[in-house]
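Read the structure below first, then the notes.
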Amino acid sequence: MKILSTSGKVIVLIGILGLISLMGYAIFGNRVNIKTSPLVGNKAPEFTLKTFDGKDLKLSDLKGKTVLLNFWASWCMPCRQEAGALERSWQKYKDKDVVFIGVNVWDENSNALSYLKKFGGGYPHATDPDEEIQVDYGVGGVPETYFIDPSGNVRDKFTGPLTEQIIDYFVLRAQVPNNNES
């Protein structure tokens with residue numbers, strides 16, 4: 001007994017291929033990397049870090065400056081991909097009231113220090129040993145970057161590797177007053 005004709009088999013095959021294509025797009029497709037976060041538009045959670053060079057860094061001490069807060073790990077390939085853009089952009093903005101801060105997460109300090117030696121660590125970097133900061137910011141993966149405006153509010157969140165153009169866009173957005181905030 002013949003269950004499906006040749007044309008029926010072709011239709012089923014096309015349907016299966018269509019489903020596989022949709023699944024592939026859902027998993028690997030071009031995604032928008034601007035993620036919403038409940039922090040966007042609200043006061044950035046306060047933190048104090050001990051940088052790898054032994055200095056204390058407190059977010060509230062940076063009021064009046066734009067802050068790029070980047071969460072990274074040494075084993076993260078997209079973090080390695082964005083490292084050069086972060087260093088070049090930091091060089092561009094370091095004298096313009098823009099502060100870059102790197103927070104190493106889910107990593108060994110020795111691996112983080114090796115990473116910084118290889119990929120650059122010109123701006124302050126620290127670790128979050130008790131995972132408090134990453135919890136307060138809702139970090140779900142690396143790299144994730146938060147852009148904090150001079151008044152101390154989270155202006156934007158970007159998930160994925162940064163480029164110099166992306167950094168420019170979000171730093172400039174964070175520097176412009178947001179009329180929707182009170």
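For this structure, a couple of remarks:
- Within the range 44-69, the set of residues being among the polar types (S, T, N, Q), farther than 20 Å from residue 120 by Cα and in a strand (DSSP E or B) comprises 48, 66.
- When residue 68 is tested against (1) surrounded by 19 or more Cβ atoms within 10 Å (Cβ to Cβ); (2) farther than 18 Å from residue 178 by Cβ, just one condition goes unmet, and that condition is (2).
- The criterion of at least 3 residues that are modelled with pLDDT of 95 or more and not hydrophobic (A, V, I, L, M, F, W, C) is met by the following strands (runs of 3 or more DSSP E) wholly inside the range 70-182: 144-148, 154-159.
- Of the residues 54, 29, 8, the single one that is at pLDDT below 80 and more than 22 Å from the chain's Cα centre (by Cα) is 8.
- Cβ-Cβ under 6 Å pairs, at least 6 apart or on other chains, the range 96-107 side on the phi > 0 side of the Ramachandran plot, far side assigned to a loop (DSSP other than H, G, I, E, B): 97/65; 106/73
The values are calculated or read from the model by the stated rules, or taken from the named source; none is laboratory data. It should be emphasised that the depicted structure is a prediction, and the values quoted were computed from it without experimental measurement. Using ideal geometry, Cβ is built from the backbone for each residue, glycine included, and neighbour counts are taken over all protein chains shown.
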